[in-house]
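Q: Have a look at the structure that comes next, please.
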């Protein structure tokens, strides 16, 4: 693991000097600001049951679907397309260090993008006369949820990037996997065919993987070890598969 | 550490197949420390594959590769610290500055931070990159990029340097610089380079290894190869006179001497004749005396120096021919 920090600082530096990072951040903040303004407009029209933070984070899937593929599709696919993976892996670094370095850098960017949305809540607190609009429970719960679920989402993106040397293919693969995980599992949970007794274990598994249900728990302040374990184990699995994928491509080059 | 006298590179019975295609078939060779060896072969001969196996990037199907006594298969970490590798087409990150890139690579190659900056300066100087050290790699010309690749390979001063086509796509002036650079490593590092450019190899390398279809078809110093592979000398003669009597005259001088090509007579009646002999000794004097004695007018006689290109063509052709006739035999033996 002694090259991990070298690789991570290299990746972060590359992110910081790349114009695409700033374009993506601006677009992200613009889009999220647009959503946030929309939410606040609803509050001016009629009183609502839940706090703005709750509604805001409920829409987490929207940026996840677009931002995660864009942030991660480049990381391993580009290395392989340019052939720099060959020079990288012939130095005394291991594949694990390379994958973890890229993953951590992508996750750091993901988290800092979401962190920047904290500004919206600061502005709201500073300029609104109604303190009820800022409810710290859902706000903190929402950010914890974003941080924990982001681990898995970014890991899926890195895995998708390890599968193809084409960035576009990697991006689309990542989008499909995330959509399957977030929306597909939700749809399965509502499907009636799983209600049969014989399929009860499958139903239990699908219920366990309901990301929207996890979100509800997090914003209510319930940080369930089972949920955290779901994201941690999913992350570990996706990263192990990424490492295996990079190594397998090397063997069958 | 292993015994200091173990050769830099030992390859024994290396086999690599891709999806049923044999890229490297039973390749064996040894490279001594400090030697510069050239790897020659037509496209698809298995040069790049062999080099990738040497670096540990690709696993072999069978056979053993040892770098300075360390097995590539069982001690990949030790081997990676012993090599500097520049792959085919020299892939470089587009959006880094030259000095940044070398710093990053130096850290990955475990050069202590304290020694890294002076070493980078040294390498930049050696590769004549000082002027572009703050330029972005993506904006450099091909010659500079190639030198950045070489600088990166020699950065950690590894005992073994593996370069896959370091002079591809360079102009003659840049080739000269790269050649001097490689020659400058002689004695300090073991260098293995592959190339299509034969004069290149001939000038820089101590020893040449010609491979075709994954096998070594000839090896030795360029001079040895000429003797061994071609096994005959060629003379070029421009003459006029009783040409019909020439073959008999040649046999009288040396039984194996014969005409291999003959041009049409030019306006003044002179003919260019190419002669070849299986003897390697000089026959020029005997030839001249005999020709003058038989009333031939001579304008020129020269002994043709076969180039490495002729050797290369002869050696690869020989291996194609060998493959065509006993096609069954080697497979049955395996």
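Q: When the range B:120-133 is examined, which residues are found to be crowded, with 18+ Cβ neighbours inside 10 Å, at pLDDT 90 or above and within 18 Å of residue B:182 (Cα to Cα)?
A: Within the range B:120-133, B:120, B:123, B:124 qualify.
Q: Of the residues A:30, A:34, A:65, only one is assigned to a helix (DSSP H, G or I) and in contact (Cβ under 8 Å) with a residue 12 or more places away in the chain; which?
A: Going through A:30, A:34, A:65 in turn, the sole match is A:65.
Q: Which is over 28 Å from the mean Cα position of the chain (by Cα), under 11 Å from residue B:155 (Cα atoms) and crowded, with 20+ Cβ neighbours inside 10 Å, of B:84, B:106?
A: When all the criteria are applied, what remains is B:106.
Q: Further question: So, residue B:152, is that one within 10 Å of chain A (Cβ to nearest Cβ), modelled with pLDDT under 90 and under 23 Å from the mean Cα position of the chain (by Cα) or not? Break it down stepwise before answering.
A: Values: within 10 Å of chain A (Cβ to nearest Cβ): yes; modelled with pLDDT under 90: no; under 23 Å from the mean Cα position of the chain (by Cα): yes.
No.
Q: Residue check, residue B:66 against (1) away from chain A (no Cβ under 13 Å); (2) within 19 Å of the chain's Cα centre (by Cα), all met but one. Which one?
A: The one condition residue B:66 does not meet is (2).
Q: I've got another one for you. Within the range A:10-20, restricting attention to residues that are more than 9 Å from chain B (Cβ to nearest Cβ) and without any contact (Cβ under 8 Å) to a residue 24 or more places away in the chain, which residue is surrounded by the fewest Cβ atoms within 10 Å (Cβ to Cβ)?
A: Residues of the range A:10-20 more than 9 Å from chain B (Cβ to nearest Cβ): A:11-12, A:15-16, A:19-20.
When the remaining residues are screened for being without any contact (Cβ under 8 Å) to a residue 24 or more places away in the chain, the result is A:16, A:19-20.
Values: A:16: 10, A:19: 8, A:20: 11.
The residue in question is A:19.
Q: With the requirement that a residue be within 29 Å of residue A:143 (Cβ to Cβ) and either without any contact (Cβ under 8 Å) to a residue 40 or more places away in the chain or surrounded by 21 or more Cβ atoms within 10 Å (Cβ to Cβ) (or both), what does the range A:98-108 give you?
A: Across the range A:98-108, the qualifying residues are A:99, A:101, A:102, A:103, A:105, A:106, A:107.
Q: Oh, and also: Can you spot a residue in the range B:37-51 that is modelled with pLDDT of 85 or more, surrounded by fewer than 18 Cβ atoms within 10 Å (Cβ to Cβ) and touching a strand residue (DSSP E or B) at 6+ places or on another chain (Cβ under 9 Å)?
A: No, the conditions are met nowhere in the range B:37-51.
Q: With respect to the numbered conditions (1) in a loop (DSSP other than H, G, I, E, B); (2) more than 13 Å from chain A (Cβ to nearest Cβ), which one is the sole condition not fulfilled by residue B:147?
A: Of the numbered conditions (1) in a loop (DSSP other than H, G, I, E, B); (2) more than 13 Å from chain A (Cβ to nearest Cβ), the odd one out for residue B:147 is (1).
Q: Being part of a helix (DSSP H, G or I) and within 14 Å of another protein chain (Cβ to nearest Cβ) narrows it down to one residue among A:205, A:248; which is it? So that I can check it myself, show each step before the final result.
A: Working: A:205 fails: within 14 Å of another protein chain (Cβ to nearest Cβ).
The match here is A:248.
Q: Looking only at the range B:106-120, count every residue that is more than 7 Å from chain A (Cβ to nearest Cβ) and either in contact with a helix residue (DSSP H, G or I) (Cβ under 6 Å, 6 or more places away or on another chain) or touching a residue at least 24 places away in the same chain (Cβ under 8 Å) (or both) and tell me the total.
A: The number of residues fulfilling the criteria is 5.
Q: Given (1) more than 30 Å from residue B:34 (Cβ to Cβ); (2) free of Cβ contacts under 8 Å to residues at least 12 places away in the same chain; (3) surrounded by 14 or more Cβ atoms within 10 Å (Cβ to Cβ), where does residue B:263 come up short, assuming only one miss?
A: Going through the list (1) more than 30 Å from residue B:34 (Cβ to Cβ); (2) free of Cβ contacts under 8 Å to residues at least 12 places away in the same chain; (3) surrounded by 14 or more Cβ atoms within 10 Å (Cβ to Cβ), residue B:263 breaks only (3).
Q: Would you mind stating whether residue A:172 is in contact with a helix residue (DSSP H, G or I) (Cβ under 9 Å, 6 or more places away or on another chain), in a helix (DSSP H, G or I) and surrounded by fewer than 18 Cβ atoms within 10 Å (Cβ to Cβ)?
A: Yes; evaluated as a whole, the condition is true for this residue.
The values are calculated or read from the model by the stated rules, or taken from the named source; none is laboratory data. These figures come from a predicted structure and were not determined experimentally. Here Cβ is always computed from backbone atoms with ideal geometry, including for glycine, and neighbour counts include all displayed protein chains.
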